[in-house]
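These notes concern the structure reproduced below.
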Amino acid sequence: MRAAIFNGPGIIEVGERPDPVIQEPTDAVVRVVLGCVCGSDLWYYRGESPHAVGSIGHEFIGVVEQVGAGVQGVNPGDLVVAPFIYSDMSCPHCLNGSTISCAAGGNFGNGQIDGGQGEAVRVPLAGSTLVPVPGSGHPDAVLRSLLALSDVMSTGHHVAVVAGVKKGDTVAVVGDGAVGLCAVLASKRLGADRIIALSRHPERQQVAREFGATDIIEARGQEASQAVLELTRGIGADAALECVGTEASIATAFAVARPGSTVGIVGVPHGQVPFAETFFRNTGWRGGPAPARIYIPELLGDVLDRVINPGRVFDYETDLDHVADAYRAMDERRAIKSLVRVGAL
Ligand SMILES: [Zn+2]
């Protein structure tokens, strides 16, 4: 089969990988319909995080082709959403809701295991990992939003959940990438009253507004923190959501969080949490990779009911042959998030 191959920083090529086959009774083979490029793929692309040479891409939806004898709940022909990590849903970590730390789990597209930027994927622990989508004949806009559940929308939801966003809250979202925009949508969905988005890009501001942002701040750094404090009568946000991962954005999130609040952090951290400052303001932080498998069933209903449309973050599209363009467009910030159309339904 054909698949995107990571051949080192800056080098994404389309190459051949072995056709996936059932190796364990708990495996399924999924034919990929839509895949996409993640902000974390960009860290690898830019050489800022290590990645093994080989398969890449951890977000996909597809159609089940084949299942092993031990797979229950997922059948050939099912349209499925894959969370970016596979998990058994039965180990202590999974039962505690932390599927990311599943004792038997692993990452798609890590160089070895098939990635979502390819024609097909062998999915380990398929019965507990894949989430079947009810119904049929879903329009493309719905498929795009289902793809977003694989990672980006689940991550946006996670950052809002861990920061404790609730009805009536004032939320500040640091970062206008796809995750930041999904964090706006998730905050709105959880009932936030006021959502302040930090963004300097008109097309991203537009999506933020569509997703529920009430205020846009174009400034950066201290000027941005000052503007959020002014909007919140000097108090700060009930929840600050950090969706970038740089030292500067982490500092901004803590500067705009009101004392006693919890900062959510889902940007892959490339900076330090200001420990002493957080201590004296009783500010906590939570975050990390989202347990997407836990969130997908809940968010899926809202996608099918057209309550949320996180697929709106995809503003650039290629086919598998041009997957390198999908990376370039995001790297050069011409795209919020690139969709890779791999196969038909
Ligand atoms: Zn587990």
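Return a yes/no flag: does the range 87-95 have any residue that is in contact with a Lys or Arg (Cβ under 9 Å, 6 or more places away or on another chain) and either modelled with pLDDT under 95 or open to solvent by less than 50 Å² (accessible area, probe 1.4 Å) (or both). It would help to see each step written out before you state the result.
Residues of the range 87-95 in contact with a Lys or Arg (Cβ under 9 Å, 6 or more places away or on another chain): 87, 89, 94.
Within this subset, residues satisfying the condition of being either modelled with pLDDT under 95 or open to solvent by less than 50 Å² (accessible area, probe 1.4 Å) (or both) are 87, 94.
So far as the range 87-95 goes, yes, one or more of its residues are in contact with a Lys or Arg (Cβ under 9 Å, 6 or more places away or on another chain) and either modelled with pLDDT under 95 or open to solvent by less than 50 Å² (accessible area, probe 1.4 Å) (or both).
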Q: Quickly run through the range 69-88 and pick out the residues that are more than 20 Å from the chain's Cα centre (by Cα) and either within 8 Å of the ligand (Cβ to nearest atom) or closer than 16 Å to residue 132 by Cβ (or both).
A: 71, 72, 73, 74, 75, 76, 77, 78, 88
Q. How many of the residues making up the range 157-185 are hydrophobic (A, V, I, L, M, F, W, C), touching a residue at least 40 places away in the same chain (Cβ under 8 Å) and touching a strand residue (DSSP E or B) at 6+ places or on another chain (Cβ under 7 Å)?
A. 11
Q. Among the listed residues 48, 16, which satisfies the condition of being modelled with pLDDT under 95 and more than 20 Å from residue 80 (Cβ to Cβ)?
A. 48
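Checking the conditions here, which among 235, 195 is in a strand (DSSP E or B) and touching a helix residue (DSSP H, G or I) at 6+ places or on another chain (Cβ under 8 Å)?
Working: 235 fails: in a strand (DSSP E or B).
Just one listed residue meets the conditions, 195.
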Q. Can you list the helices (runs of 4 or more DSSP H) found entirely within the range 244-345 that contain at least 1 residues being at pLDDT 95 or above?
A. 247-256, 292-304, 323-331
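Here is a yes/no grid of residues against (1) away from the ligand (no atom under 16 Å from the Cβ); (2) more than 28 Å from residue 204 (Cβ to Cβ); (3) among the aliphatic types (A, V, I, L, M):
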site: 130; (1), (2), (3): no, yes, yes
site: 148; (1), (2), (3): yes, no, yes
site: 180; (1), (2), (3): yes, no, no
site: 185; (1), (2), (3): yes, no, yes
site: 189; (1), (2), (3): yes, no, no
Q: Please work out which one of (1) part of a helix (DSSP H, G or I); (2) more than 15 Å from the chain's Cα centre (by Cα); (3) under 22 Å from residue 249 (Cβ atoms); (4) in contact (Cβ under 8 Å) with a residue 60 or more places away in the chain is the condition residue 188 fails and give its number.
A: (4)
Q. Give me the pairs: first residue in the range 216-242 and more than 25 Å from residue 161 (Cα to Cα), second residue surrounded by fewer than 24 Cβ atoms within 10 Å (Cβ to Cβ), beta-carbon distance under 6 Å, and six or more apart or on different chains, which are they?
A. 218/200; 219/227
Q: Working only within the range 23-49, note down all residues that are open to solvent by less than 50 Å² (accessible area, probe 1.4 Å) and over 25 Å from residue 335 (Cα atoms).
A: 27, 28, 29, 30
Q) Right, residue 104: farther than 23 Å from residue 77 by Cα, touching a residue at least 24 places away in the same chain (Cβ under 8 Å) and out of contact with any Phe, Trp or Tyr (no Cβ under 8 Å at 6 or more places or on another chain) or not? A) no
Q: Could you grab me the full set of residues in the range 198-209 that are open to solvent by less than 10 Å² (accessible area, probe 1.4 Å) and in contact with a Lys or Arg (Cβ under 8 Å, 6 or more places away or on another chain)?
A: 207
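Which residue, of 115, 111, is open to solvent by less than 20 Å² (accessible area, probe 1.4 Å) and within 16 Å of the chain's Cα centre (by Cα)?
Details: 111 fails: within 16 Å of the chain's Cα centre (by Cα).
Among 115, 111, only 115 is open to solvent by less than 20 Å² (accessible area, probe 1.4 Å) and within 16 Å of the chain's Cα centre (by Cα).
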Q) Does residue 262 fit the bill of being surrounded by fewer than 23 Cβ atoms within 10 Å (Cβ to Cβ), touching a strand residue (DSSP E or B) at 6+ places or on another chain (Cβ under 7 Å), polar (S, T, N, Q) and under 17 Å from residue 157 (Cα atoms)? A) yes
Q: Mind counting the residues in the range 285-300 that are under 19 Å from residue 268 (Cα atoms) and open to solvent by 70 Å² or more (accessible area, probe 1.4 Å)?
A: 3
Q: Could you tell me which numbered condition residue 268 fails, if it satisfies all but one of (1) in contact with a strand residue (DSSP E or B) (Cβ under 9 Å, 6 or more places away or on another chain); (2) touching a residue at least 60 places away in the same chain (Cβ under 8 Å); (3) of a type in the set (A, V, I, L, M)?
A: (1)
Q | Residue, surrounded by the most Cβ atoms within 10 Å (Cβ to Cβ), within the range 50-86, restricted to residues that are among the charged types (D, E, K, R) and either out of contact with any helix residue (DSSP H, G or I) (no Cβ under 8 Å at 6 or more places or on another chain) or over 18 Å from residue 294 (Cα atoms) (or both) | A | 78
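The values are calculated or read from the model by the stated rules, or taken from the named source; none is laboratory data. Please read these numbers as outputs of a predicted model, since none were measured by experiment. Here Cβ is always computed from backbone atoms with ideal geometry, including for glycine, and neighbour counts include all displayed protein chains. When the accessible area is computed, the model is the full protein with side chains, heavy atoms only, and any ligands, DNA or RNA have been set aside. Shrake-Rupley method; radii C 1.70, N 1.55, O 1.52, S 1.80 Å.
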